[in-house]
Amino acid sequence: MDFVIRVFNLQIALFLLIAVGFIAAKTKIITPVSRKSLSDILILIVLPCNTVASFLGNIAADKEFATDCLLALVISAAIQITVTFAGRFLFAKMDTDKKNVCSYGMICSNSSFIGMPVAEALYGSMGVLFTSIFQIPIRFTMWTAGLALFTNVDRKAAFRKLVTHPCIIAIFVGFAVMLLPFKLPVFISNPIVTVSRCTTPLSMLVIGSILSEADFRTLFSKKVLYFSFIRLIAFPLLVYAILRLTGVNPLLVSIAVIMSGMPAGSTASILADKYDSDALFASQIIFVSTLISIFTIPVLGYLVENL
């Protein structure tokens, strides 16, 4: 029961922060231009610091830890391969634009902006560490199979984006720091940790400002609810059922299930708008899946902790 209350309180706190971002955007405190700046600060500075900070704790870099890191990478890759192909069938009856938007929403969840704060609050630095590793296959499919849903993809450019992405670089920097025979000086580690603490408030403000653009008149259509059911309930339950049979580290199972149950990524509407797809529908699945996730994430958290 204590875990459920903790997750519920976390989700309510996140929802209130989202509401602040929503109101700030509606009142023009956060404009589209300033939101872009906030997103850049979050992705290029805050999230990388959050990742590096997760390696600064007392982590035993033994064989078991290395195995878990490799397993996290393999599980995430398997999940991404599955959703990449599943989207073609799950949304086959929709028109092309909506099918592409939903398929992208399965490939690219909001596992950074929402997933990182949730993982940190529930599982501490190890949660952030494994969540960061989970991001590698997500970033890869996001800029390859995901982008290909809207336009032709230059494979070399996609690979370059992956290896030069600050969040990916931060993982390797974190490993290097962890393996050092000494601790980083306080004047270096403290600023990293301090900046990393901005992850939750900044993430939620950005999400709230994005959701302020949703069209409430047609939000809860059957297609939107169908996508949300697949993204937030059916797929994470499938991941849970499979991983329960493998004997994998329970923390990895928890991270995999909760990350599989994250709402659609905000880049869905950005790419849909840029490449003349259905940007309105994209904003709707982002809003509704984010709203419903406030209730489904605590349920998933309870499930993996108690069954």
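Residue count for segment 138-156 satisfying the condition of being within 12 Å of the chain's Cα centre (by Cα) and crowded, with 22+ Cβ neighbours inside 10 Å: 2. The residue that is farthest from I171 (Cα to Cα), among those in segment 212-236 that are among the aliphatic types (A, V, I, L, M) and at pLDDT 75 or above, is L219. Residues of segment 220-236 that are open to solvent by 10 Å² or more (accessible area, probe 1.4 Å), in contact (Cβ under 8 Å) with a residue 24 or more places away in the chain and part of a helix (DSSP H, G or I): K223, L225, I230, I233, F235.
Report yes if I75 is at pLDDT below 80, assigned to a helix (DSSP H, G or I) and among the β-branched types (V, I, T), otherwise no. Considered against the rule, which asks whether it is at pLDDT below 80, assigned to a helix (DSSP H, G or I) and among the β-branched types (V, I, T), I75 comes out as no. A search for C-beta distances below 9 Å between a residue of segment 165-191 that is open to solvent by less than 70 Å² (accessible area, probe 1.4 Å) and any residue that is modelled with pLDDT under 80 and basic (K, R), counting only pairs 6+ apart in sequence or on different chains, returns H165/R139; C167/R139; I168/R139.
G127 meets each of the listed conditions (1) closer than 29 Å to A279 by Cβ; (2) within 19 Å of the chain's Cα centre (by Cα) apart from (1). Of the residues making up segment 105-127, none is farther than 18 Å from V257 by Cβ, free of Cβ contacts under 8 Å to residues at least 60 places away in the same chain and of a type in the set (F, W, Y).
Is it the case, given these coordinates, that R217 is of a type in the set (K, R), assigned to a helix (DSSP H, G or I) and under 19 Å from the mean Cα position of the chain (by Cα)?
no
Hey, any hits in segment 177-197 for a residue that's in contact with a helix residue (DSSP H, G or I) (Cβ under 7 Å, 6 or more places away or on another chain) and more than 24 Å from D68 (Cβ to Cβ)? Yes, segment 177-197 has at least one match.
The requirement of being open to solvent by 10 Å² or more (accessible area, probe 1.4 Å), more than 20 Å from A77 (Cβ to Cβ) and not in a helix (DSSP H, G or I) is fulfilled nowhere in segment 241-258; no residue meets it. For the residues L162, L205, L122, the requirement of being under 20 Å from I45 (Cβ atoms), assigned to a helix (DSSP H, G or I) and either open to solvent by less than 20 Å² (accessible area, probe 1.4 Å) or in contact with a Ser or Thr (Cβ under 9 Å, 6 or more places away or on another chain) (or both) singles out L162.
Among the residues in segment 76-92, are any open to solvent by less than 20 Å² (accessible area, probe 1.4 Å), more than 21 Å from the chain's Cα centre (by Cα) and farther than 19 Å from G174 by Cβ? Scanning segment 76-92 turns up at least one residue that is open to solvent by less than 20 Å² (accessible area, probe 1.4 Å), more than 21 Å from the chain's Cα centre (by Cα) and farther than 19 Å from G174 by Cβ. Regarding segment 275-285, can at least one residue be identified that is on the phi > 0 side of the Ramachandran plot, open to solvent by 10 Å² or more (accessible area, probe 1.4 Å) and free of Cβ contacts under 8 Å to residues at least 24 places away in the same chain? Among the residues of segment 275-285, at least one is on the phi > 0 side of the Ramachandran plot, open to solvent by 10 Å² or more (accessible area, probe 1.4 Å) and free of Cβ contacts under 8 Å to residues at least 24 places away in the same chain, which makes the answer yes. Among the residues of segment 11-52, the one identified as touching a Gly at 6+ places or on another chain (Cβ under 9 Å) and not in a helix (DSSP H, G or I) is I30. Which of the residues belonging to segment 94-112 are part of a loop (DSSP other than H, G, I, E, B) and farther than 26 Å from L70 by Cβ? Of everything in segment 94-112, those that are part of a loop (DSSP other than H, G, I, E, B) and farther than 26 Å from L70 by Cβ turn out to be M94, D95. Set side by side, the residues S132, S109 differ, and just one is among the hydroxyl-bearing types (S, T, Y), surrounded by 18 or more Cβ atoms within 10 Å (Cβ to Cβ) and under 30 Å from F89 (Cβ atoms), which is S109.
The values are calculated or read from the model by the stated rules, or taken from the named source; none is laboratory data. Note that the structure is a prediction, hence the values are computed from the model and not measured. No Cβ is skipped: glycine too gets one built from the backbone with ideal geometry, and neighbour counts run over all protein chains shown. For the accessible areas, the whole protein counts, side chains as well, though only heavy atoms, and no ligand, DNA or RNA atoms are used. Shrake-Rupley method; radii C 1.70, N 1.55, O 1.52, S 1.80 Å.
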